[in-house]
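Worksheet: the structure to be examined is printed underneath.
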Amino acid sequence: MVARISLTLDCGDAKLLGEFWKTALGYVDEPPPAPFQSVEEWHASFNLPEDDPVDDVAWLCDPDGVGPALSILKVPEPKTAKNRLHIDVRVPGHGTPDERWARIRAEVERLVEAGGTVLEVFTGHHVVMADPEGNEFCVAATSA
């Protein structure tokens, strides 16, 4: 049996990062498990204090069920160091190196418009970026 993984990202604003990562990955909000009709209903089933808002977390999933789930959780402490694990956003498609690089650049522009920041460019290969809270990730092409 192959284990499936999910990723969890700590943050200060789960709603902001949830929207960014849905844009970056093409993910959607994960629906609540059966028999719950809403995330709020599911959250209430945990019997947590009333001041524990649902907005402190975002549960995202690949609509095709291929990629790992992504949980984004609000935590009290700020990010203090470089990520030890990061996400690679792989731009699909094949072609010449110049065509792949053009697709990478276009994706980087799209993610900057969504709130990302370019940290470093490795021309022709990949771009290191940060999400709106400074979590590093790379944009690269799929393997040729």
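Table for the structure above
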item: Only one of 26, 65 that is of a type outside the set (D, E, K, R), at positive phi and surrounded by 11 or more Cβ atoms within 10 Å (Cβ to Cβ); result: 26
item: Residue in region 82-139 that is farthest from residue 8 (Cα to Cα), counting only those that are of a type in the set (Val, Ile, Thr) and in a loop (DSSP other than H, G, I, E, B); result: 96
item: Search result, residues across region 86-126 that are aliphatic (A, V, I, L, M), without any contact (Cβ under 8 Å) to a residue 24 or more places away in the chain and farther than 11 Å from residue 138 by Cα; result: 102, 106, 112
item: All positions within region 79-95 that are surrounded by 13 or more Cβ atoms within 10 Å (Cβ to Cβ) and either among the acidic types (Asp, Glu) or under 14 Å from the mean Cα position of the chain (by Cα) (or both); result: 83, 86, 87, 89, 90
item: Out of 63, 76, sole residue that is assigned to a loop (DSSP other than H, G, I, E, B) and modelled with pLDDT under 95; result: 76
item: Residue in region 37-56 that is in a loop (DSSP other than H, G, I, E, B), out of contact with any strand residue (DSSP E or B) (no Cβ under 6 Å at 6 or more places or on another chain) and not assigned by TED's automatic domain parsing to the domain that holds residue 16 present; result: no
item: Within region 96-119, considering residues that are acidic (Asp, Glu) and within 19 Å of the chain's Cα centre (by Cα), the one surrounded by the most Cβ atoms within 10 Å (Cβ to Cβ); result: 107
item: Candidates 15, 22 - the one that is modelled with pLDDT of 95 or more, of a type in the set (Lys, Arg) and out of contact with any Gly (no Cβ under 9 Å at 6 or more places or on another chain); result: 22
item: Residues located in region 20-36, provided they are closer than 30 Å to residue 109 by Cβ, free of Cβ contacts under 8 Å to residues at least 60 places away in the same chain and either outside any loop (DSSP other than H, G, I, E, B) or of a type outside the set (Ser, Thr, Tyr) (or both); result: 22, 26, 28, 29, 30
item: Considering residues of region 29-60 that are more than 23 Å from residue 84 (Cα to Cα) and touching a Ser or Thr at 6+ places or on another chain (Cβ under 8 Å) only, the residue surrounded by the most Cβ atoms within 10 Å (Cβ to Cβ); result: 32
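The values are calculated or read from the model by the stated rules, or taken from the named source; none is laboratory data. Being a predicted model, the structure only gives us computed values, none of them experimental. Ideal geometry is used to build each Cβ from the backbone, glycine not excepted, and the neighbour counts take in all protein chains shown.
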